1. Counting just the residues of region 48-76 that are out of contact with any Lys or Arg (no Cβ under 9 Å at 6 or more places or on another chain) and assigned to a strand (DSSP E or B), which one comes out farthest from residue 166 (Cα to Cα)?
2. Considering only region 282-310, how many residues are closer than 29 Å to residue 142 by Cα, of a type in the set (Ser, Thr, Tyr) and without any contact (Cβ under 8 Å) to a residue 40 or more places away in the chain?
3. I'm trying to understand the selection: among the residues of region 110-143, which are closer than 30 Å to residue 182 by Cα, open to solvent by 40 Å² or more (accessible area, probe 1.4 Å), in a loop (DSSP other than H, G, I, E, B) and not aliphatic (A, V, I, L, M)?
4. Mind checking which strands (runs of 3 or more DSSP E) fall wholly inside region 277-319 and carry at least 2 residues that are touching a strand residue (DSSP E or B) at 6+ places or on another chain (Cβ under 6 Å) and within 29 Å of residue 255 (Cβ to Cβ)?
5. Hey, can you tell me all the residues within region 144-153 that are surrounded by 15 or more Cβ atoms within 10 Å (Cβ to Cβ) and either in contact with a helix residue (DSSP H, G or I) (Cβ under 6 Å, 6 or more places away or on another chain) or closer than 14 Å to residue 118 by Cα (or both)?
6. Looking at region 218-261, which of its residues are of a type in the set (Gly, Ala, Ser) and closer than 30 Å to residue 47 by Cβ?
7. Are there any pairs with C-beta distances below 6 angstrom linking a residue in region 116-139 that is in contact (Cβ under 8 Å) with a residue 60 or more places away in the chain to a residue that is assigned to a strand (DSSP E or B) and open to solvent by 70 Å² or more (accessible area, probe 1.4 Å), with the two at least 6 apart or on different chains, and if so which?
8. Which residue, of 306, 292, is at pLDDT 90 or above, under 36 Å from the mean Cα position of the chain (by Cα) and open to solvent by less than 60 Å² (accessible area, probe 1.4 Å)?
Amino acid sequence: MERFFCKKFFIIICGICATTGALGAKSPKDPITITDSAIINSWGFGGNYTQSVAGKFMHNDLLNQRKGACGTDEGAGVAIIARQIWEHGGYFCTTQIQSANAGGKSWIEFYKNTDNLYKCETICMPGWTGVQCKTRSTGCDDTTDYTNNLDDVINNYKTLLKSDGCETGIITTEVDVFRHVTNSENTHSNAHVLGVLERKTHGVKVGIIQINANRKNNHNSYIADVYSDGLTRMLCANGYVANSNQTDCIPGPSCATEQDKLNNLCSGFSNYNSSEHSFKYNSAQGCYYFRCQNGKGFKSEIDKTCVECDGGVLAYVDENGYCKKCVKGKYFTNSDKTSCNRDTQAYNQTEMRYGVGGESSPINAQCWLKTDNTEYKECIQSQLNK
């Protein structure tokens, strides 16, 4: 009877193991799903994730494999993801991403290396810096090298994979994701993370990545594929900005030498002369252009030589750097004299002596005493916007 009881008990235990995978089996853990609309909109989440980034985000050899931290039944890969995602940047770390399974369920888990071998960096969008990338960028951090400060997860993936226990180093509940699906139809799970696709000296190319994981049975799950929606952007070291085609980070105004600026001139600009030109930065195009100094304008659209503009008091330099002349009856609309769209104002003799408002003007300006043309004009018009 005792032997029969033991045998029956053993069969029950085996049944439990077959159902749950193991006594005390793992259970699904959820990452942090971002709900802040400012963050979601900032990164453009919501695309169609169909473009494979295998070999860029995660090595091809780690897809459809079964080896991970839990032996040979939960496939895993390593990649650089933002464990924390903010509106203008993130905290990027090498992370093990694992297809977990137990009890007929499947989900995605995230691991850190318990020996702190994985490298991490806060990296921001151009123009931002500081804690959680909340500070407007100033200064120049030209010593940063992300090819060294971050792990090479593509060429060194074998040394970065961890295999020291199912519950050791698990950080799933600490990782930000845009979306995740756990146990969909019991065989599929996925997560949308912010991942690094390419490391450069002064920046990284990032995009939102959909990680797909599949489960064949209760003891066989794996990372199936990794997809992007094709939308990528450059995050840059402090003082650096993305170039015009979003492939690298170049020195911004606070970092750039004159040669840096010459190497990144906007289309249509050449023959820079430091004695007559001044550099300006086009943030929309990620390039440098120049304008004439001392109120001069370009000679023509094909000749950037600087000349005095014809037209006397009606002459001005437009926003593109070319000489223009106001027609009679118009006057300049701003102190930079880049346009002249407003009609001239007629003044009577008293206003021309004391300004708009005449002798009763609160400032009693006595404009007629002004000897400088600009000061006289400003005195006459001083009450127009009161």
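The values are calculated or read from the model by the stated rules, or taken from the named source; none is laboratory data. Quick caveat: nothing in here was measured; it's all calculated off a predicted structure. Note: ideal-geometry Cβ built from the backbone for every residue, glycine included; neighbour counts use all protein chains shown. These area figures cover heavy atoms from the full protein model, side chains too; ligands, DNA and RNA do not enter into them. Shrake-Rupley method; radii C 1.70, N 1.55, O 1.52, S 1.80 Å.
1. Taking the candidates together, the pick is 51.
2. Matching residues across region 282-310 total 2.
3. 112, 114, 115, 116, 119
4. 277-282, 287-292
5. 146, 149, 150, 151, 152, 153
6. 221, 224, 228, 230, 237, 242, 244, 252
7. Short answer, once both residue conditions are applied: 129/135.
8. Working: 306 fails: under 36 Å from the mean Cα position of the chain (by Cα).
Exactly one residue qualifies, and that residue is 292.
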